[in-house]
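K.L.:
The structure under discussion is supplied below as structure tokens; questions concerning it will follow.
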Amino acid sequence: MEDTPDRIESNAAPARLTEAVIPRRLLDRTAPWTEQDYLALGETVPRVELLDGGLLIGPPASLRHQVLVGGLADSLAAGARAGGFDILPMINLRLGGRRILNPDLVVAAVSDFDALSVPAAEVLMVAEVAAPHTFLIDSLLKLQCYADAGIQWYLLIEEETLTMHLYQRQGGYYVERSVTKAGEVLELTDPVRATIRPGELLG
């Protein structure tokens with residue numbers, strides 16, 4: 001869940017800065033959080049995700065991050081349309097139990113566009129653009145969460161180097177199928193057909 005942050009004065013005191021970036025309703029509340037509690041938050045300035053009754057709170061995405069996600073969406077768009085699938089950025093992805101994550105992008109077959117969250121069963125592939133400060137979360141924690149939820153494909157892109165890691169679920173875990181670096185080409189055949197050139201995702 002993410003919205004546009006209010007302007008913060010550069011000379012703001014740390015406490016004021018914290019309250020401006022992280023809403024008071026998050027600071028005052030203690031775990032455990034239910035799915036209903038989480039969805040009632042609505043949009044927030046930082047990215048807020050629900051994990052086993054606790055919250056993962058991250059900063060708003062950088063401009064580089066957003067351009068990379070847009071470039072990836074463009075690369076997947078034609079193949080998704082041909083397969084009758086949807087390309088969705090930053091959804092509430094319900095993984096089951098008390099887990100709702102906000103992946104950067106998913107390829108999905110959505111059944112209810114008015115729902116507050118999309119169930120993992122409708123998602124064919126999830127993609128994350130990993131910044132240096134989120135790499136461990138994206139490459140370890142979220143990788144396992146998506147595998148546990150039964151999502152068949154996971155595409156992880158390193159924000160700084162543009163290296164892409166493609167994983168396929170096998171036996172309850174992900175197996176790395178390919179590593180594609182800037183200057184190379186990934187010919188994706190499943191779950192959609194697409195040609196992805198990581199070196200060109202920034203335009």
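The values are calculated or read from the model by the stated rules, or taken from the named source; none is laboratory data. Owing to the predicted nature of the structure, the values given are computational and were not obtained by experimental measurement. Cβ placement follows ideal geometry from the backbone for every residue including glycine, while neighbour counts extend to all protein chains displayed. Areas reflect the complete protein model, heavy atoms only, side chains present, ligands, DNA and RNA absent. Shrake-Rupley method; radii C 1.70, N 1.55, O 1.52, S 1.80 Å.
K.L.:
Give just the number: which of (1) farther than 24 Å from Glu184 by Cβ; (2) surrounded by fewer than 21 Cβ atoms within 10 Å (Cβ to Cβ); (3) in contact (Cβ under 8 Å) with a residue 24 or more places away in the chain does Gln152 not satisfy?
P.N.:
With (1) farther than 24 Å from Glu184 by Cβ; (2) surrounded by fewer than 21 Cβ atoms within 10 Å (Cβ to Cβ); (3) in contact (Cβ under 8 Å) with a residue 24 or more places away in the chain applied to Gln152, the lone miss is (1).
K.L.:
Any residue in region 161-182 that's modelled with pLDDT of 95 or more and open to solvent by less than 70 Å² (accessible area, probe 1.4 Å): show its pairings with residues that are acidic (Asp, Glu) and in a strand (DSSP E or B) at Cβ separation under 7 Å, as long as the two are six or more apart or on different chains.
P.N.:
Pairs found: His165/Glu176; Tyr167/Glu176.
K.L.:
Here's a follow-up. Can you find, within region 93-122, the residue that is surrounded by the fewest Cβ atoms within 10 Å (Cβ to Cβ) among those that are assigned to a strand (DSSP E or B) and not hydrophobic (A, V, I, L, M, F, W, C)? If you could, list the steps in order and put the result at the bottom.
P.N.:
Going residue by residue through region 93-122, those that are assigned to a strand (DSSP E or B) are 93-96, 99-101, 105-108, 118-119.
Applying the additional criterion that residues be not hydrophobic (A, V, I, L, M, F, W, C) yields 94, 96, 99, 119.
On the way: Arg94: 23, Gly96: 14, Arg99: 20, Pro119: 16.
Looking at residues that are assigned to a strand (DSSP E or B) and not hydrophobic (A, V, I, L, M, F, W, C), I get Gly96.
K.L.:
Further question: Report the residue count in region 29-64 for those that are free of Cβ contacts under 8 Å to residues at least 12 places away in the same chain, out of contact with any strand residue (DSSP E or B) (no Cβ under 9 Å at 6 or more places or on another chain) and not hydrophobic (A, V, I, L, M, F, W, C).
P.N.:
From region 29-64, those free of Cβ contacts under 8 Å to residues at least 12 places away in the same chain are 29-30, 36-37, 40, 63; that's our starting set.
Filter once more, so that each one left must be out of contact with any strand residue (DSSP E or B) (no Cβ under 9 Å at 6 or more places or on another chain): 30, 36, 40, 63.
Of the ones still in play, those that are also not hydrophobic (A, V, I, L, M, F, W, C) are 30, 36.
The number of residues fulfilling the criteria is 2.
K.L.:
Among the residues of region 73-81, is any among the small types (Gly, Ala, Ser), in a loop (DSSP other than H, G, I, E, B), surrounded by fewer than 18 Cβ atoms within 10 Å (Cβ to Cβ) and modelled with pLDDT of 80 or more? So that I can check it myself, show each step before the final result.
P.N.:
Just the residues of region 73-81 that are among the small types (Gly, Ala, Ser), to begin with: 73, 75, 77-80.
Checking the rest, the ones that are also in a loop (DSSP other than H, G, I, E, B) come to none.
Within region 73-81 (the criterion being among the small types (Gly, Ala, Ser), in a loop (DSSP other than H, G, I, E, B), surrounded by fewer than 18 Cβ atoms within 10 Å (Cβ to Cβ) and modelled with pLDDT of 80 or more), the answer is no, since none of the residues qualifies.
K.L.:
Could I ask something else about it? From the list Val129, Val67, which residue is under 19 Å from His165 (Cα atoms), touching a helix residue (DSSP H, G or I) at 6+ places or on another chain (Cβ under 6 Å) and in contact (Cβ under 8 Å) with a residue 60 or more places away in the chain?
P.N.:
Values: Val67 fails: touching a helix residue (DSSP H, G or I) at 6+ places or on another chain (Cβ under 6 Å).
Answer to the selection: Val129.
K.L.:
Of Leu68, Leu136, which residue is out of contact with any Leu (no Cβ under 7 Å at 6 or more places or on another chain), part of a helix (DSSP H, G or I) and not hydroxyl-bearing (Ser, Thr, Tyr)?
P.N.:
After applying the criteria, what remains is Leu136.
K.L.:
Just wondering, is there one or more residues in region 55-68 that are buried (at least 21 other Cβ atoms within 10 Å of the Cβ) and at pLDDT 95 or above?
P.N.:
Looking through region 55-68, at least one residue is buried (at least 21 other Cβ atoms within 10 Å of the Cβ) and at pLDDT 95 or above.
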